[in-house]
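Notes for the one structure printed next.
The values are calculated or read from the model by the stated rules, or taken from the named source; none is laboratory data. Computed from a predicted model, the values in this text were never measured in an experiment. Here the Cβ positions follow ideal geometry from the backbone for every residue, glycine too, while neighbour counts run over all protein chains shown.
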Amino acid sequence: MAETTATEDLDHEGAAAAEFADQLNDTPSDFVHHEEHYTSLGLSNMKLAMWLFLGSEVLLFGALISTYLLSKTRFITELVAGNPYVIEGISNGENGALVNEMIAEASVEPLFDIPFTSLSSFILLMSSLSMVLAHKSVTEGNYKNLRIWLSTTMLLGATFMAGQVYEFTTFYREGLTYDGSLLGTAFYTLTGFHGAHVTGGLIMLGSLIYLSFKNKMQMDRAETVELVGLYWHFVDIVWVLIFTIVYLIP
Amino acid sequence: MAIIEQEPSIAALPSGAARTAAKPLGAFSRPRNPVGLKNWLTTVDHKKIGIMYGTASLFFLLWGGIPALLLRLQLARPNQGLLSGAAYNQIFTMHGTVMIFLVVMPMGAAFANYLLPLQVGARDVAFPRINAFSFWVFLAGGIMLNTSWFLGGGANGGWFNYAPNNGITYNPGVGIDFWNVGLLIAGIGSLTGAVNLITTVLNMRAPGMSWMRMPIFTWMTLVTQFLLLFAIPVLTVAQLLLLFDRRFDGNFFNVDQGSDPLLWQHLFWIFGHPEVYLMILPAFGIVSEVIPVFARKPIFGYPFMVFSGIAIGFMGWGVWAHHMFVSGIGPLSVTAFAVATMFIAVPTGVKVLNWLATLWGGKLILNTAMLFSIGLVTQFTLGGLSGVSHAVASADTQQTDTYYIVAHFHYVLFGGALFGFYSGLYFWFPKAFGYKLNEKIGKWNFWSMVVGFNLTFGPMHILGLQGMPRRMQTYDASQGFNTWNMVATIGSFILGVATLSILYNALVSYRAWRRAGRPDVGPDPWDARSLEWSIQSPTPEHNFDVSPTVTDLDDFWHHKYQEDDNGVLRRIATGKEVAQPGNGEGVHLPAPSYWPLVLALSFPLIGYGLIFSLWLCIPGVVLLITALYGWSLEPADDLDDDHGHGDHHERELVGANG
Amino acid sequence: MSTTTPQAVVDDHAPSHADDHEHHPTVITYWLTFVALVILTAVEVLWSYLPLDGVALVVPLLVMMVVKFAIVGGVFMHLQTDFKILNGYWFTLAFGIAIALAVAVYITVYATFKFQI
Ligand code: HEM
Ligand SMILES: [Cu+2]
């Protein structure tokens, strides 16, 4: 790297001066032009980046879900293979019924409390609604509603998490441990990952609420709310998948 | 290279108090104009970050190269006991891991960081602080991975670390954990880097820089970053599953519980095959920039170059199981993947043909950069040919796990990726540092590398076909492997010296330049084609004085050359005349920041915690959270997205978008 | 982000994201979407209780899942409106392809385990 030339000094000063000029315009309530930058796609950088990140998350959850499905299949195969009655094949008369029963007993399905989980899903869907309403409020400059909806979202999210904790403890008590079986490992890992994502979302929501109470989350920052929203909806979508694939499809 | 930055005169600046008053979220202040080491630790300048990536990569090249020479010493003669079996396993694993994750990948990132913003005509990347973070977290992960040598031994499962050998039952030591956690951490850097660079290319192009006007290097790097974006999470999942298995008694790869360890192979290679392409594509991009410049012709078949790159990017996702032909996936899968693999050779072949067609009939200037590029074309093609021979699944049953494979991937990675990078180093060195590398030493560098390289890895084809298995610590004199192994070892030492000679070259060239009074190489020393040559060398801190307006592919070239009435291409200006003067007045650059480094440091802390004691995670997490909040509360006058647009008014007027 | 900045609307060659919110769905749409999602979920749950087996059970469930996925993405995540401002629809297309690719990859993995013939 070459030594600094006089021009570079000038740069610093020029930059600093421009910065200062910017500052003057940038009173907290009015720095709208920050968001007006030209971008080649017409989509803000932050939003594009969030979408890219979510794209990569698709692959992450894809891998986790397929791992779960595979582990479940293998778990059942193992049960069947380890069963002396079924050398002939499973769907074979009396033995078949016996084996099916055995699978049903050992698997996660009997543990599932579908009404309970449906309620959880409903709660998470509802939080998605309140999240978009929060975004809507902030774009309209309705900060009171913003706070209400953000808090609702956070509350609903927290309720969902509480439900998951409850579910985990029940399952655990009923014998599905993390290290006890392949199924347990896979189930807790997949749903736990989702839970971790929800928790991350809760932290972001908490920060948003805090900022909005300090009047720092205003119209000019609506995009921040939208970005957190994108993440939140994505987590919701993942739950849509998990709910159907893990809970509803036997 | 001394880094001397003078303090700007403070007098002209508004007082600090006045500034902080207006900070919307202000809580922390960012360092202003730091000098020396602090400048590098806090920089958010994509050029400095690129240089740091490059330096780290070269360091790891040395660090991973020495073990390789040890391996070759051990194999020089039959029945040697220089390295024990255990040591041998660790050394080849760490060699491969370091070379792939800490040499080739970051070198690609180095070029991407330095060049992407310049080639698309931007002031910096989309998120400068995240860019710095990507680098630091990569470095943190890389260093952490290598501390395993001192804390219980290196990993020994091969760079692909198959299950169930990587399980706690077979591998109770911490080596595997270091491999696992270190790469997880480095992966975070790749992921954030990918998001950042893709956003930059998609969103920050100069007016008129439409898709089909982007330089090939930009295109190839864009594809590379998409591959990273989608491939890294798959590896992450595999590694997390392994982590849970090893640390929390999970059962993902526990055969006793009925699991299928093949899952690891699938996940690893779904990542792994895109990975090999994302290692080679940046080098392809470099060569596609260098060859037209020194053949004095535009690249042949630009759209084919672009689309073959994109095709590789897509097809790279459908061939992973060619690494698993002998794992028992069944003839149906084997057939499908064999066919897919043969198809992927097509776009690769298109590229080679286009380079040849560009060279054809050109007025070739055979300087070092060009030689390395031609070197890539030849050596990579050899590697590609052996690759196609692996695609024939029935033949591959004989080749797999022999030295034939080792020969293959060294031809593509060393003869391909590394030759390409060397070409790029020689080519862009004057742009980054303001002086050229010595041509005479450069030519020695190239020819000795070619000789050493072919002596080392050429014989491995023969050894492999003779049946010498890879990853064996030794062989017996009666097996008939003696001669070629000796040749390979001799070659490897030639190669080692040759590879390092670029550092010697840099030193000699720097001294000569300094002695000559630091003459200016000018903006465009090679009479080149893309935008980065239209600004001064070394690149001014603010890159472009004004956003260039692009009207053509190879726009800069067309400012220098135009067809006259008879259709003959004539020079109308020199690069110096049309280049921007490098006056950055009024340009708003983001201030440096501590937080990227601090945030990156929290990860290895958590990592050590996961390996040794979960208690250690607590300070790590605390640091993580502090850094995250510090980061987001940093003054908004330096908001990342508030940058690189000092001239956004002009941009809006021109208003092109591609 | 302001919907009031005048200059944002002037130049239609340089789409600024400032104008994207103008097309964002209304509150009513959001509520209706939510209702649709709830209904779909209810149908899903009920369907899973039906004495069905195999394809008849699984396929409708998967279809409803995909529909829910698309609705959340399209309306709540503004995919439907945001990407209109991009040149053509190539971006949405690229994302669609990427997701399809991911799904295909994982289905293939699953298939290789199933068909070890
Ligand atoms: C002086 C230069 C080099 C020499 C002498 C060398 C030599 C070797 C040797 C002897 C092995 C072990 C073969 C075995 O027993 O299985 C090996 C493996 C490997 N090398 Fe190199 N190598 C060199 C440079 C590189 C470079 C530049 C790269 C990457 C770009 C690289 C990537 C690899 C990989 C991926 C493996 C496989 C590791 C594994 O199977 O786990 N090597 N190399
Ligand atoms: Cu491959």
query = Can you spot a residue in region B:287-295 that is among the small types (Gly, Ala, Ser), more than 10 Å from every other protein chain (Cβ to nearest Cβ) and over 23 Å from A:ILE65 (Cα atoms)?
reply = yes
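Only one residue in B:MET52, B:MET94 is closer than 21 Å to B:LEU183 by Cβ and within 12 Å of ligand 1 (Cβ to nearest atom), so which one is that?
From the options B:MET52, B:MET94, the qualifying one is B:MET94.
One line per residue, one yes/no per condition, for (1) under 25 Å from B:ILE286 (Cα atoms); (2) within 16 Å of ligand 1 (Cβ to nearest atom):
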| position | (1), (2) |
| --- | --- |
| B:PRO67 | no, yes |
| B:PHE127 | yes, no |
| B:ALA140 | no, no |
| B:LEU145 | no, yes |
| B:SER148 | no, yes |
remark   = Reported set for region A:185-208 where residues are under 18 Å from A:SER66 (Cα atoms) and either β-branched (Val, Ile, Thr) or modelled with pLDDT under 90 (or both) is A:THR185, A:THR189, A:THR191
ask   = Hey, does region B:275-285 have a residue that's more than 16 Å from ligand 1 (Cβ to nearest atom) and away from chain A (no Cβ under 11 Å)?
value = yes
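Mind checking whether some residue in region B:551-572 is under 31 Å from the mean Cα position of the chain (by Cα), closer than 30 Å to B:GLY142 by Cα and in a helix (DSSP H, G or I)? First the steps, then the outcome.
Step one: list which residues in region B:551-572 are under 31 Å from the mean Cα position of the chain (by Cα), which gives B:551-558.
Within this subset, residues satisfying the condition of being closer than 30 Å to B:GLY142 by Cα are none.
Taking every residue of region B:551-572 in turn, none turns out to be under 31 Å from the mean Cα position of the chain (by Cα), closer than 30 Å to B:GLY142 by Cα and in a helix (DSSP H, G or I).
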key: Any hit, region B:16-30, residues being at pLDDT 95 or above and either assigned to a loop (DSSP other than H, G, I, E, B) or within 13 Å of chain A (Cβ to nearest Cβ) (or both)   = no
ask   = So is B:LEU242 among the aliphatic types (A, V, I, L, M), within 13 Å of chain A (Cβ to nearest Cβ) and either within 16 Å of ligand 2 (Cβ to nearest atom) or not in a loop (DSSP other than H, G, I, E, B) (or both) or not?
value = yes
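Return the only residue of B:ALA163, B:ALA122 being in contact (Cβ under 8 Å) with a residue 60 or more places away in the chain, buried (at least 24 other Cβ atoms within 10 Å of the Cβ) and more than 10 Å from chain A (Cβ to nearest Cβ). Walk me through how you get there before you give the answer.
Numbers: B:ALA122 fails: more than 10 Å from chain A (Cβ to nearest Cβ).
It is B:ALA163.
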ask   = Looking at (1) in contact (Cβ under 8 Å) with a residue 40 or more places away in the chain; (2) in contact with a Leu (Cβ under 9 Å, 6 or more places away or on another chain); (3) surrounded by fewer than 20 Cβ atoms within 10 Å (Cβ to Cβ), can you tell me which one A:THR152 breaks?
value = (1)
query = Based on what the data block shows, is B:GLY258 within 16 Å of ligand 1 (Cβ to nearest atom), surrounded by fewer than 22 Cβ atoms within 10 Å (Cβ to Cβ) and within 14 Å of chain A (Cβ to nearest Cβ)?
reply = no
request  = Test each condition in (1) in contact with a Gly (Cβ under 6 Å, 6 or more places away or on another chain); (2) under 25 Å from B:LEU371 (Cβ atoms); (3) part of a helix (DSSP H, G or I) for B:LEU281 and report the one that comes out false.
outcome  = (1)
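Going by what's in this entry, would B:VAL104 be described as touching a residue at least 60 places away in the same chain (Cβ under 8 Å), within 16 Å of ligand 2 (Cβ to nearest atom) and buried (at least 24 other Cβ atoms within 10 Å of the Cβ)?
So B:VAL104 fits the description; yes.
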key: From the options B:LEU61, B:LEU73, B:LEU69, residue that is more than 14 Å from chain A (Cβ to nearest Cβ), more than 16 Å from ligand 2 (Cβ to nearest atom), at pLDDT 95 or above and surrounded by 19 or more Cβ atoms within 10 Å (Cβ to Cβ)   = B:LEU61
note = With criteria (1) away from ligand 1 (no atom under 14 Å from the Cβ); (2) crowded, with 16+ Cβ neighbours inside 10 Å, B:LYS443 comes up short on (2)
remark   = Listed by first then second residue, the pairs whose first member lies in region A:212-237 and is within 8 Å of chain C (Cβ to nearest Cβ), whose partner is part of a helix (DSSP H, G or I) and among the small types (Gly, Ala, Ser), with beta carbons under 6 Å and at least 6 positions apart or on separate chains, are A:HIS233/A:SER128; A:ASP236/A:SER128
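Kindly indicate whether any position in region B:336-345 is among the polar types (S, T, N, Q), part of a helix (DSSP H, G or I) and more than 14 Å from ligand 2 (Cβ to nearest atom).
Looking for residues that are among the polar types (S, T, N, Q), part of a helix (DSSP H, G or I) and more than 14 Å from ligand 2 (Cβ to nearest atom), one finds none in region B:336-345, hence no.
Could you please let me know if B:ALA231 is assigned to a helix (DSSP H, G or I), within 9 Å of chain A (Cβ to nearest Cβ), in contact with an Asp or Glu (Cβ under 8 Å, 6 or more places away or on another chain) and touching a residue at least 24 places away in the same chain (Cβ under 8 Å)?
So B:ALA231 fits the description; yes.
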ask   = Yes or no: B:VAL195 within 16 Å of ligand 2 (Cβ to nearest atom) and at the interface with chain A (Cβ under 8 Å from one of its Cβ atoms)?
value = no
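For region B:344-358, indicate whether the set of residues that are among the basic types (Lys, Arg), buried (at least 22 other Cβ atoms within 10 Å of the Cβ), away from ligand 1 (no atom under 16 Å from the Cβ) and more than 14 Å from chain C (Cβ to nearest Cβ) is non-empty.
Checking region B:344-358: at least one residue is among the basic types (Lys, Arg), buried (at least 22 other Cβ atoms within 10 Å of the Cβ), away from ligand 1 (no atom under 16 Å from the Cβ) and more than 14 Å from chain C (Cβ to nearest Cβ).
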ask   = Does A:LEU183 count as touching a residue at least 60 places away in the same chain (Cβ under 8 Å) and in a helix (DSSP H, G or I)?
value = yes
inquiry  = For region C:26-57, give me each residue that is β-branched (Val, Ile, Thr), facing chain A (nearest Cβ under 9 Å) and part of a helix (DSSP H, G or I).
reply    = C:VAL27, C:THR33, C:VAL38, C:THR41, C:VAL45
message = Taking the criterion of being at pLDDT below 95, touching a Leu at 6+ places or on another chain (Cβ under 6 Å) and buried (at least 19 other Cβ atoms within 10 Å of the Cβ), would at least one residue in region A:92-102 satisfy it?
response = no
query = In this structure, is B:ASN131 within 14 Å of ligand 1 (Cβ to nearest atom) and more than 19 Å from B:PHE60 (Cα to Cα)?
reply = no
request  = Those residues that are without any contact (Cβ under 8 Å) to a residue 40 or more places away in the chain and either touching a His at 6+ places or on another chain (Cβ under 8 Å) or in a helix (DSSP H, G or I) (or both), I need them from region B:491-521; list them, please.
outcome  = B:LEU507, B:ARG511, B:ARG514, B:ARG515
remark   = Conditions (1) assigned to a loop (DSSP other than H, G, I, E, B); (2) in contact with a Lys or Arg (Cβ under 6 Å, 6 or more places away or on another chain) -> A:SER212 fails only (1)
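Do the conditions hold for B:ILE143, that is, is it within 16 Å of ligand 2 (Cβ to nearest atom) and modelled with pLDDT of 95 or more?
no
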note = Among residues of region B:82-100 being among the hydroxyl-bearing types (Ser, Thr, Tyr) and under 24 Å from the mean Cα position of the chain (by Cα), the residue surrounded by the most Cβ atoms within 10 Å (Cβ to Cβ) is B:THR97
